Structures are given as structure tokens and as C-alpha cells.
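This report concerns only the one structure given below.
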Amino acid sequence: MKAVFLDADTLGSDVDLGPMQAAADLTLYGTSAPEQVAERIADAEAVVTNKVVLRDEHFAAAPDLRVVVVTATGVNNIDLEAAGARGIRVVNAIRYARPVLVQHTFSLILALANRLVDYVQDVRAGCWQQSPMFCRMDHPIIELEGRTLVVLGYGDLGQGVARLGQAFGMDVRIAARPGQPEGEVDGFPRQSLERLLPVADVLSVHCLLSDDTRDLIDAQALRTMKESALLVNTSRGGIVNEQALADALRQGDIAGAGVDVLTQEPPVDGNPLLADDIPNLLVTPHCAWASQEARQRMVQQSADNLRDFAAGTLERWVV
Ligand SMILES: NC(=O)C1=CN([C@@H]2O[C@H](COP(=O)(O)OP(=O)(O)OC[C@H]3O[C@@H](n4cnc5c(N)ncnc54)[C@H](O)[C@@H]3O)[C@@H](O)[C@H]2O)C=CC1
Ligand SMILES: O=C(O)C(=O)CO
């Protein structure tokens, strides 16, 4: 099967792409600018992409295209409706990132709760050396034990975060999808987001980005949260409105936030969350998935998807 990988560089130079090359007749491009995409996929039966955007105009330019293999869980860069209308199958990667992403999510939560970056910066600036006593406690430290962790999006990653929250002795609650009944899931109470926002000490976002979840956490939602609350988003930029989050942190509507994802990546046109006057905000560059082990699992799964599609045995797809 003739396949084209449009942004192979996004998997890093320390992974072995051999399994994918064995699964298809694969042409590799490190990166692809939007204006290069149509020409590059013109003869392809399969397109592999991590973050290159594929719209109907691209599908129209690729008459042989039968499958899009996304080397990511999030598929918000693909026009799924247009693919479906043309009979093009879209398959993503699932359950490859849990260990590292859960670790990253808790790195942000713990760094915010313990004000790690502030204390490290203070020491670098000489505050401890000039201190009249043995320790410094300039930044309030929050204990997680007994605090309420609200998980928004209880899929593979949300479940991992919920379990780790439980290990920290947190009172873990799951935000129901709209229309989903309240109840219990895996021993955790599932309640409406409206009911959970005012009680959350930590809100961790793990739902996918779609038209239904864009701006789900907006200015109004942030206003209903505790002033002491922390918010972490390792899912997709745009689920939490960025300007509203910047404003909420500046106004003290919530106490801190950790964000691994932005609406535009890389943020070449700037972003409200990159301003340097926002208190207690940690931004990481979409690296929550990026251990070598997770990326290699991703390669293997994408190879399986290519091979299974060619053999007519692919059993799971998004479209
Ligand atoms: N920062 C990073 O490096 C990475 C980010 N991601 C992001 O994390 C997202 C989640 O990944 P997984 O957990 O593997 O996906 P998943 O598909 O297993 O889980 C998503 C969950 O969100 C729930 N959901 C959807 N809309 C909702 C709503 N309105 N309210 C509450 N729940 C809602 C779904 O029911 C589902 O349980 C991906 O879509 C991707 O965007 C994934 C991997 C790495
Ligand atoms: O898997 C995903 O959705 C990621 O964001 C990593 O590319």
C-alpha cells in the first residue's frame, strides 16, 4: 500500500520507524507546510499524520486515498465529516501515552501545589542565602490529601489521573458528559460539571476537543470555581478558553494553572497564556506524551493500523 507520512519528525529521531516501513510502501516527509500537502498525497492510498491539518480540499486532491492513520489520540486536525463523506477511514492511536501523560499531569499539579518553580527561582535569586531563618515559606503550599480532584473526560488518560489522585488520598469525582446520568463509575462519584466546578480543588481536563467541548471551561465556568482551585489541561488547547484563563489567574478567580496545550502550536502568533505577568501559571510545550517509550508504542500501533487496513482486518476506527 502506497503511504505518505507528512510529519515524521514529530515522532523524534530516537524512535525506530522500521515497523511502519515494513507495513507499507512509506514515503517520509519530516514536516509538511499546508501548501505542500495536496501535492505530496496525490498518489497515496494511506496518509499518516500527527498534527498536519487535513481538510476536504486535501481529500479531493487524493483520489486513491482510503485511510488516514493519525499518530496521535486527538483527531481534531482532521475534518472527520469530509473524510466520512468520501469513504475515507480515519484511525487514531489509543492508550499509548497513559504512563507518561499521567506523570506529566501530576508533575503540573504537584509543582503548582508545592509552588516548586517559585521556590527554585527564589533560591536561584539568593532569597534563602539572605534569610533570617532556616527555611522560607513565602508561597502558600497546598496539601492534596483530602482535596477534591475533578476529572473532566474519563477515558484512558482521565482514568489514569483519577487513580493516581486516589493514591494521593484525594476525593476523586468524575464530570458527567451532558445528558449522562449522575451515579458512580469505578467507585468514583460521577456528577454534572456544573455541580463539580464549585467544589473542585483541582480540575484536570482530559476530554477530546470537539465542537461540543470547545470553550467548555469559559469565563463563566472559571468564575464558579474556588479562588484556591488549580486547573490543569493536558488535553487540547481551546477546551479551556485561553483569554478567560489568563484573566481568571490575574484576577485571582482561581489560584493556579498548568497547561501543556495551546490552540495554536507552535504558538508563532503569540497566545494570551504566554504573557509574563500571569501569576502561578506553568506552560509546557505539548510534551506530556513524549517519552521515547510512548512514541515507540505509537509507531508500533500505527504500523499495526497500516498493515491491518491493507489486509482488510482493521477492527477499530474513528470514521
Ligand atoms: N498533551 C498530550 O501530549 C496528549 C494529549 N492527548 C489528548 O487527550 C485526549 C484524551 O485522550 P484519551 O483519554 O486517550 O481519550 P479517550 O477517548 O479515551 O477519552 C476521552 C473521554 O472524554 C469524554 N468526553 C467527551 N466529551 C466530554 C464532555 N463534554 N464532558 C465530559 N467528558 C467528555 C469521553 O466520553 C471519553 O471518555 C485526546 O483526545 C487528546 O486530545 C492525548 C495524548 C497526549
Ligand atoms: O496523542 C495526542 O493526541 C497528542 O497530542 C500527542 O501527539
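The values are calculated or read from the model by the stated rules, or taken from the named source; none is laboratory data. Treat the numbers as computed from the prediction; the structure is a model and nothing was measured. In this analysis, Cβ positions are derived from the backbone assuming ideal geometry, glycine residues included, and neighbour counts consider all displayed protein chains.
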field: Scope the stretch 147-158; condition of a type outside the set (A, V, I, L, M, F, W, C) and in contact (Cβ under 8 Å) with a residue 60 or more places away in the chain; matching residues
entry: G153, D156
query: For the stretch 92-103, what are the residues that are part of a helix (DSSP H, G or I), in contact (Cβ under 8 Å) with a residue 12 or more places away in the chain and surrounded by fewer than 23 Cβ atoms within 10 Å (Cβ to Cβ)?
result: R98, P99, V100
message: Go through the stretch 233-262 and report how many residues are under 20 Å from the mean Cα position of the chain (by Cα) and either crowded, with 18+ Cβ neighbours inside 10 Å or in the same structural domain as K51 (by the TED database) (or both).
response: 20
statement: For the stretch 173-189, pairs from a residue that is assigned by the TED database to the domain that holds V150 to a residue that is among the aromatic types (F, W, Y), with Cβ under 7 Å and 6 or more apart or across chains, are R173/F188; I174/Y154; I174/F188; V185/Y154
Where L11 falls short, out of the listed (1) away from ligand 1 (no atom under 16 Å from the Cβ); (2) within 14 Å of A303 (Cα to Cα); (3) aliphatic (A, V, I, L, M): (1)
- request: Sort out which residues of the stretch 53-72 are within 15 Å of ligand 2 (Cβ to nearest atom) and either over 28 Å from the mean Cα position of the chain (by Cα) or over 16 Å from Q36 (Cβ atoms) (or both), and write them in order of number.
  value: V68, V69, V70, T71, A72
query: Can you name every residue in the stretch 112-127 that is in contact (Cβ under 8 Å) with a residue 12 or more places away in the chain, touching a Leu at 6+ places or on another chain (Cβ under 8 Å) and either surrounded by fewer than 18 Cβ atoms within 10 Å (Cβ to Cβ) or part of a loop (DSSP other than H, G, I, E, B) (or both)?
result: V117
statement: Scanning the stretch 45-73 residue by residue, those assigned to a loop (DSSP other than H, G, I, E, B) and in contact with a Leu (Cβ under 6 Å, 6 or more places away or on another chain) turn out to be V52
message: Quick test for you: out of L208, L197, L249, pick the one residue that is within 13 Å of ligand 1 (Cβ to nearest atom) and either at pLDDT below 95 or part of a helix (DSSP H, G or I) (or both).
response: L197
statement: If you go through S107, S131, the only one that is within 19 Å of the chain's Cα centre (by Cα) and surrounded by fewer than 21 Cβ atoms within 10 Å (Cβ to Cβ) is S107
- request: Could you tell me whether P285 is within 12 Å of ligand 1 (Cβ to nearest atom), outside any strand (DSSP E or B), within 18 Å of A72 (Cα to Cα) and modelled with pLDDT of 95 or more?
  value: yes
- prompt: Given R89, R40, which one is in contact (Cβ under 8 Å) with a residue 12 or more places away in the chain, of a type outside the set (V, I, T), under 17 Å from A310 (Cβ atoms) and surrounded by 14 or more Cβ atoms within 10 Å (Cβ to Cβ)?
  reply: R89
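To keep it simple, each residue is scored yes or no on (1) out of contact with any helix residue (DSSP H, G or I) (no Cβ under 8 Å at 6 or more places or on another chain); (2) of a type in the set (F, W, Y); (3) under 19 Å from D218 (Cβ atoms); (4) surrounded by 18 or more Cβ atoms within 10 Å (Cβ to Cβ).
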{"position": "Q166", "(1), (2), (3), (4)": "yes, no, no, no"}
{"position": "A176", "(1), (2), (3), (4)": "no, no, yes, yes"}
{"position": "G187", "(1), (2), (3), (4)": "yes, no, no, no"}
{"position": "R195", "(1), (2), (3), (4)": "yes, no, yes, no"}
{"position": "A200", "(1), (2), (3), (4)": "yes, no, yes, yes"}
{"position": "L203", "(1), (2), (3), (4)": "no, no, yes, yes"}
{"position": "C207", "(1), (2), (3), (4)": "no, no, yes, yes"}
query: Here are some residues: Q180, Q159, Q166. Which one is modelled with pLDDT of 95 or more and more than 22 Å from the chain's Cα centre (by Cα)?
result: Q180
message: Taking the criterion of being at pLDDT 95 or above, in a loop (DSSP other than H, G, I, E, B) and under 30 Å from R98 (Cα atoms), would at least one residue in the stretch 34-43 satisfy it?
response: no
task: Return the pairs, sorted by first residue and then second, in which the second residue is hydroxyl-bearing (S, T, Y), the first residue lies in the stretch 270-293 and is surrounded by 13 or more Cβ atoms within 10 Å (Cβ to Cβ), the beta carbons are less than 6 Å apart, and the residues are 6+ apart or on different chains.
output: A288/T234
